[in-house]
Amino acid sequence: MRNWFIALLAVAGFVLFQISGAVAQADVDKPVLVELFTSEGCSSCPPADILLQRLDRQPIAGVHLIVLSEHVDYWNHLGWKDPYSSRLYSERQSIYARRFGLDGPYTPQMVLNGRDQFVGSDGSALERALRNDARREHFGLRIVSSVPAREGIDVKFAFAGNPLKPLDILAVLADDADRSNVLRGENGGRKLQHVSVARSIARVATVTDDGEHSVHISFPEGFPTSSGTGHHLILFAQEQRQGAILGATTMPL
């Protein structure tokens, strides 16, 4: 098992090196949102979790990778309840499954900018998706300011672009990193690490053209509110009915 993980990391490292060269040559400097649907109850997921950690270290020149780990809850019956899982992420993945014409949701699954999906540990598929995305249209999205507010934060953001259809602005509150000692289930006895773990996701606005917008983002129950506790905010612009993601940004909390 240890040798298998070492081999996986070596392949992933080679693929990321190849991607870096290809994307840099394309002169691309666009944020890319990489969603990983995963579960601590799935024995196939740890390699994908490791690949997401590598992406979070920004290994590709000229590309800002915004990663997001969304823990589904449909493996919780196998002896281990994933403490980061939520029905919200299972439902989001199910919508993607219908959109991509799949038989159903699976783990681990990566979705890149809402347009490409592949097995979450497949570095070659990731490379193809990044190459494809480099040629697609993106819009500007940035956070102008954020102010602590009652049970949440007030955020002002700016959107630049003229999409053909309205875009939903979704806000995600995420832990920078989490660790678990898995006691039972398919990963029983293992210590797992995760990055950018989603704690909440909600639509906060709709945009149609250039402009600034102010929104309130509520903290989920139990979300730490003190500064320096290792959390961040992700905003992204997505076609309605969970289509393509055309802009993304992030900031620490």
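Values in this text are rule-based calculations from the coordinates and carry no lab data. Bear in mind that the values here come from a model prediction, so they are computed numbers and not experimental data. Reconstructed Cβ throughout: ideal geometry from the backbone, glycine too, with neighbour counts over all protein chains shown.
Quick check: net charge around LYS191, other residues with Cβ under 12 Å of its Cβ, Lys/Arg +1 and Asp/Glu -1?
Result for the neighbourhood of LYS191: -1.
Counting only other residues whose beta carbon sits under 13 Å from that of THR208, what net charge do I get with K and R as +1, D and E as -1?
Net charge around THR208: -3.
Mind giving me the FRET efficiency for ALA61 and ILE95? R0 is 45 Å, r the Cβ-Cβ distance, nearest 0.05 is fine.
Once rounded, the FRET efficiency stands at 0.85.
Among GLU137, GLU127, GLU70, GLU221, rank each residue by its count of other Cβ atoms within 10 Å, from fewest to most, as a rough exposure measure.
The most exposed by this proxy come first: GLU221, GLU137, GLU127, GLU70.
As an exercise, find the ratio Rg/Rh for the range 39-96 from alpha-carbon atoms, using the Kirkwood inverse-distance average for Rh.
The Rg/Rh ratio comes out at 1.05.
According to the Cα gyration tensor, what semi-axes, each the square root of 5 times an eigenvalue, does the equivalent ellipsoid of the range 99-241 have, listed from largest to smallest in whole Å?
With the √(5λ) rule applied to the range 99-241, the semi-axes are 28, 25, 13 Å.
Cα centroids of the range 55-119 and the range 130-176: how far apart, whole angstrom?
The two parts, judged by their Cα centres, are 19 Å apart.
Quote the FRET efficiency, to the nearest 0.05, computed for LEU102 versus THR208 with a Förster distance R0 of 25 Å and r equal to the Cβ-Cβ distance.
Step by step, r from the Cβ atoms, then E = 0.25.
Would you list SER44, SER69 from fewest to most Cβ contacts within 10 Å?
Fewest to most other Cβ atoms nearby, the residues stand as SER44, SER69.
Counting only complete DSSP H runs, which helices of the chain cover 20 Å or more along their long axis at the Cα atoms and score a mean Kyte-Doolittle of -0.5 or above?
2-25
Using only the Cα atoms of the chain, construct the convex hull and provide its projected area averaged over every direction, in square nanometres to one decimal.
Average projection, Cα convex hull of the chain: 13.3 nm².
Could you run the Debye sum over the Cα atoms of the range 117-164, one equal point scatterer each and no solvent, and tell me log10 of I(q)/I(0) at q = 0.18, 0.26 Å⁻¹, two decimals?
-0.76, -0.90
I want the local charge near PHE219. Using Cβ-Cβ distances under 11 Å, sum +1 for each Lys or Arg and -1 for each Asp or Glu among the other residues.
0
May I ask what percent, to the nearest 5, of DSSP beta bridges between residues of the chain are antiparallel?
Here the antiparallel bridges make up roughly 85 percent for the chain.
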